[in-house]
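Worksheet for the structure shown next.
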Amino acid sequence: MEHPIMFLALVAELFGESAGEFVHHYPHLVYSWFIMIILIVLARLATAKVSMVPSGLQNVFEFVIESLEGLLVTIMGEGGRRFFPFLAGHYIHLCPVQQFPGPDSRQLRPHGQP
């Protein structure tokens, strides 16, 4: 049975059998790339028309960034601001990645093994 979130494998098979096999062998990598593409597109859309009074997607992004920065400064102090780009980048990428359930362990075993 195909995992319901493996829709990228079905899309990749349209480009050839080897692309579909790549997605089946490395699903976590492919879905991580997929999340990165989504985040890049959303960031471009949010910063297309930057204004002093944010609205829409810009407002959401500013809320997330300012909340993370406030949390980091509360935990690490003012010296933690220099680590903010690194830690926020990981957080913003890993939170959506965790929402996509990966294949179960049976799908990762070589064929023929229990």
Legend entry - the stretch 7-106, dipole about Cα centre (Lys/Arg Cβ +1, Asp/Glu Cβ -1), debye to the nearest 20: 260 debye
Inset, instruction - With 5 Å bins from zero, work out the P(r) of the stretch 7-106 over every alpha carbon pair and list the percent per bin. - result: 2, 11, 16, 16, 16, 14, 10, 8, 5, 2, 0
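Each reported figure results from applying straightforward, stated rules to the coordinates on display, with no laboratory input. If you're wondering where the values come from, they're calculated on a predicted model, not measured in any experiment. Cβ coordinates were reconstructed from backbone atoms using ideal geometry, including for glycine residues, and neighbour counts include every protein chain displayed.
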